[in-house]
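As structure tokens, the structure follows; a few thoughts come after it.
The values are calculated or read from the model by the stated rules, or taken from the named source; none is laboratory data. Owing to the predicted nature of the structure, the values given are computational and were not obtained by experimental measurement. Heads up, the Cβs are rebuilt from the backbone with ideal geometry, glycines too, and the neighbour counts pull from every protein chain shown. Quick note on the areas: whole protein, heavy atoms, side chains included, nothing else; ligands and nucleic acids left out. Shrake-Rupley method; radii C 1.70, N 1.55, O 1.52, S 1.80 Å.
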Amino acid sequence: MSPSIPFSNSSRILIPGTKMDALAQMHFATIDYVIFALLLASSMGIGLYYALSGGRQRTTQEFLLADRSMSCLPVSLSLIATFQSAVAIVGVPAEIYTHGTQYWFIGCAYILGLFIPAHIFIPVFYKLHLTSAYQYLELRFNKPVRICGTVTFIFQTVRSIPDAILRPKQGEDFTGFDLWGAVLATGLVCTLYTTLGGLKAVIWTDVFQTIVMFAGQLAVIVVGVQQTGGVAEVWRKVSEGNRISGIDLNPDPTVEYTFWTLGVGGVFLMLSLYGVNQAQVQRYLSAKTERDAIMSCYMVFPSLQLALALSCVMGLVMFARYCGEDHFHNLGYVLSSQMVLYFVMDMLQGLPGLSGLFISCLFSAALSTISSAFNSLATVTMEDLIKPHCPSMTEARATLLSKGLACSYGLLCLAMAYLTHLMSDSVLQTAFKIFGMVGGPLLGVFSLGLFFPWANSTGALVGLGSGLAMAFWVGIGSIVTSTSGGLAAVSQFNCTAVQLSGNITTAMGTALISTAMPTVTHSRPMGLQRFYSLSFMWYSALNSFTVVITGLVVSFLTGPMKAEEVTPGTLYPLLGNMLFFVPDKLKQKLCCVTPLGHGVRQQSTLTVQDCIR
């Protein structure tokens, strides 16, 4: 699964008029139910196929890593499916509708965000023959660091799943569809095919679900453009509404969407997802060869760009549809994330099957995210928390226990989804704000181990703790200081939003859009309040740098790690490549271990050439 990018999905958009009459006309037809049922049946069928074919999931190697037999194409499509959650499908169009196309510049971050994992993280992890990414932390540091990393990942993943499960339920008002029943069916089907078919089933259902996601979004865009008056009319309306954004080079880190927050801060967010997240690393490790793993990472790039383009274009078409005199009155009070579902039902009513296709698209995104989460949670629990304490466990028993873990996590997350549904929106969003930022500290502790030979286990533990403390501090401070919120004014016929305060919509903020509002000027936040206003796109960078800097300082104070103490193969010679101007003797001390072999601690006698290789 992919830890979700936080959108301001709690914001309400207020547009004069009522929507209830329009909602009364929007219901699923029989064919829509059939299409949704086919999605669940196909996903379940893939799981049963891999449960009954091949090795029949009798070993942990097959159940958790697909026998390391996957080619680059299905792995790449599974990587994009894990990333493209239901939160993103409804969140990105709402962001484009509200703020314009500035968010589209996050596509620039995909370049380094995939290039660095392909050439740094994947080669190191693959050569070490890992099953869990957190095995690396024990090889590089010690067991306590590994356990802390594992527990942090479990906490982050279990926290994020309820939102992925519940996100499609927001369309219940618009479809007449009992989406609680659909959510329950989706969760149970996902739990069953993940438990029965293992990682092979997860990857191949991801492939199928990716195709459904793209088809659903494309259908909505094509019909929406046609009903809005064509491409030229859409372009005219979004241009007049100032939704086509140029490059904003504002260096202010408190502004949510600028080139720097998206193009630079987004790189660290991508690295936390595609570099060290267990769900993604597990897919790299399931590839036949290291080359297949690297190629799968490269092949994700066009798929990610396509997914981003479809979501952004949908937001623009939605804006063109509702920000004009003909349809402006239809929307009423709607959560910004619900707008996408309202738009879909509005566009596709009278076209049987297409509404069901998009809802299937939304549930496909949810299925791919939560199935990846269940499988990766079972993997890290078995490999990091159980196996080290039960070395004599038989392979058959370990496989059975892994399946039991996947099933248990599935049922646990369904229960959490129900409890989450009972919370008030404010409590729910507060929980997401506090617990949604641990990817940065994990990226930091992996970077500390990979790039700094002298970092020791004490530095890693203290650094990880300081990174998590920083995440909580900024998160809680942001929640406390964002209660005043910001407002935006919008004119009825061109919907040109005007920002009235410094941070119009944070992950906890509320954006209220209405007609005829006076211009309000707020003072710029200062001191700690300004620090708490930091754009969420910088959270991963801030927290990872906190881990690295704290870890290095503590390592030097407690005694840097010596050459003979570092496991060969756990370092990437970044410093050896960058410090070309440093004398050879000093460079040999800095690059103290050759990146050859693994699993054995040994004395190193290196040349500079060994260090650079």
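Checked against the criterion of being closer than 19 Å to residue 283 by Cα, among the aliphatic types (A, V, I, L, M), out of contact with any Lys or Arg (no Cβ under 8 Å at 6 or more places or on another chain) and modelled with pLDDT of 85 or more, the candidates 48, 64 yield just one match: 64.
One residue is enough: does region 280-289 have a residue meeting the conditions on the phi < 0 side of the Ramachandran plot, among the hydrophobic types (A, V, I, L, M, F, W, C), buried (at least 17 other Cβ atoms within 10 Å of the Cβ) and in a helix (DSSP H, G or I)? Yes, there is a match, as at least one residue in region 280-289 is on the phi < 0 side of the Ramachandran plot, among the hydrophobic types (A, V, I, L, M, F, W, C), buried (at least 17 other Cβ atoms within 10 Å of the Cβ) and in a helix (DSSP H, G or I).
When 311, 272, 303, 245 are screened for being open to solvent by less than 50 Å² (accessible area, probe 1.4 Å) and in a loop (DSSP other than H, G, I, E, B), only 245 passes. Checked against the criterion of being assigned to a helix (DSSP H, G or I) and under 20 Å from residue 406 (Cα atoms), region 91-111 contains not a single residue that satisfies it. Residues in region 126-144 that are part of a helix (DSSP H, G or I) and either surrounded by 24 or more Cβ atoms within 10 Å (Cβ to Cβ) or of a type in the set (D, E, K, R) (or both): 127, 136, 137, 138, 140, 143.
Taken over region 394-408, the criterion of being in a helix (DSSP H, G or I) and hydroxyl-bearing (Ser, Thr, Tyr) is satisfied by 399, 402, 408. Of the residues making up region 248-266, those that are of a type outside the set (D, E, K, R) and either outside any loop (DSSP other than H, G, I, E, B) or without any contact (Cβ under 8 Å) to a residue 12 or more places away in the chain (or both) number 11. Screening the candidates 106, 80, 96 for the property of being crowded, with 21+ Cβ neighbours inside 10 Å and either among the charged types (D, E, K, R) or over 17 Å from residue 300 (Cα atoms) (or both) yields one hit, 96. Selection of region 51-70 for residues being within 23 Å of the chain's Cα centre (by Cα) and not in a helix (DSSP H, G or I) yields only 70.
Taking the criterion of being at pLDDT below 90, open to solvent by 40 Å² or more (accessible area, probe 1.4 Å) and either part of a helix (DSSP H, G or I) or closer than 24 Å to residue 83 by Cβ (or both), would at least one residue in region 434-442 satisfy it? Scanning region 434-442, I find at least one residue that is at pLDDT below 90, open to solvent by 40 Å² or more (accessible area, probe 1.4 Å) and either part of a helix (DSSP H, G or I) or closer than 24 Å to residue 83 by Cβ (or both), so the answer is yes. When the residues of region 232-247 are filtered to those that are in contact with a helix residue (DSSP H, G or I) (Cβ under 6 Å, 6 or more places away or on another chain) and within 22 Å of residue 265 (Cβ to Cβ), the one that is modelled with the highest pLDDT is 247.
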